[in-house]
1. Determine which member of the set Ser137, Ser144 is at pLDDT 95 or above, polar (S, T, N, Q) and not in a helix (DSSP H, G or I).
2. Which ones in region 64-79 are more than 11 Å from Ser113 (Cβ to Cβ) and of a type in the set (Asp, Glu)?
3. What number of residues within region 222-274 are within 15 Å of Ala309 (Cα to Cα) and among the β-branched types (Val, Ile, Thr)?
4. Search region 58-107 for residues being part of a loop (DSSP other than H, G, I, E, B) and touching a Cys at 6+ places or on another chain (Cβ under 8 Å), and hand back the single one that is surrounded by the fewest Cβ atoms within 10 Å (Cβ to Cβ).
5. Report, by residue number, each residue of region 159-188 that is of a type in the set (A, V, I, L, M) and assigned to a helix (DSSP H, G or I).
Amino acid sequence: MYRIVEVLGTCLPGDYKDALNILFSIEKECTGFPYLFFPDFVAAFGQSEEHLELSMAALKRFTKLSSSEFAIRPFILKDPEFAMKYMLKWSTDSNEHVRRLSSEGCRPRLPWSMDLPMFKEEPRPILKILENLKADSSLYVRKSVANNLNDIAKDNPEIVITTAKNWIGKDPDTDWILRQGCRTLVRKANPEALALFGYAKNVEEKPLYQTASLTVIPEKLTIGDSCELTYSMDLDLDTNARIRIEYGIDFIKSNGKPSRKLFLLTDKTVSGKVTLSGSRKHSFANLTTRRHYPGIHRIVLLINGQEAAQVSLTLKL
């Protein structure tokens, strides 16, 4: 995509305004994510002081038919205060694509793009924007707000927890955003996040489960093969309780050390005496996002973040 931008810079007129006018003239025929190089052209050639206002207008215009979520980030890195003034204004725009840009463009950890380290350290400028979008009428925008909160939670969980406590229970759309935005905190069994979303607390005097078991077949397999996990858990609850059951695998990394990855089995509200059980096939085939290494892999069964049972599997080359 950047190569296309380089060629555009060679083939379009040398005057930035004239070049943009050519892109403007064909933008309606060039829609969707394949044309992300339109706003990327702005990022590559429109950062000089004399062009900043025109570049902001172009990013707003291009995002309506494609997305400027990547192209806005060099402007934020160069002058956060300047760029975020526009982002804050865009958060109240009538067009959902422009409103989404105001959130998606300033995500601290936007996938496939550069991080924004200043917001990983201090995310409060983002919250001013999200405040305007927390009950947005567009699901497209609400998903972005949730993902932005989830990004923030990875570096500043206490700020997201405080925000969630202030927002929760006032609007169903906002509650949905918070549930999605706190998903990493829930997966990590953050006590405040679990309590906020109604997950039952496991206390020593009254444990959530009576018995729990986890088995794996086969116990030895080769990289590329699959195993079957079978679990069972007996609960005895006095009242309705929200239960999240997961299994975690301590994958052996290239350095020989384990790194846990969690996989959801069920997330529901239950009450009384109930047995939750089931099986899950798990593949140890190499993926573009995960490479497997030989060794003993510990597998655990968790309920609301607490380990309830475990088993080991030996993975061979």
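1. Selected residue: Ser137, the only one of Ser137, Ser144 that is at pLDDT 95 or above, polar (S, T, N, Q) and not in a helix (DSSP H, G or I).
2. Asp79
3. Total meeting the criteria: 3.
4. Initial filter on region 58-107 (part of a loop (DSSP other than H, G, I, E, B)): 64-71, 79, 91-95, 105-107.
So of that shortlist, the ones also touching a Cys at 6+ places or on another chain (Cβ under 8 Å) come out as 65-66.
Working: Leu65: 15, Ser66: 21.
Filtering first and then ranking leaves Leu65.
5. Here is the first cut: in region 159-188, the residues of a type in the set (A, V, I, L, M) are 159-161, 164, 168, 177-178, 185-186.
Once the filter is applied, which keeps residues that are of a type in the set (A, V, I, L, M) and assigned to a helix (DSSP H, G or I), region 159-188 yields Ile159, Val160, Ile161, Ala164, Ile177, Leu178, Leu185, Val186.
The values are calculated or read from the model by the stated rules, or taken from the named source; none is laboratory data. Note that this is a predicted model, so its numbers are computed, not measured. We place every Cβ from the backbone using ideal geometry, glycine too, and count neighbours over all the protein chains shown.
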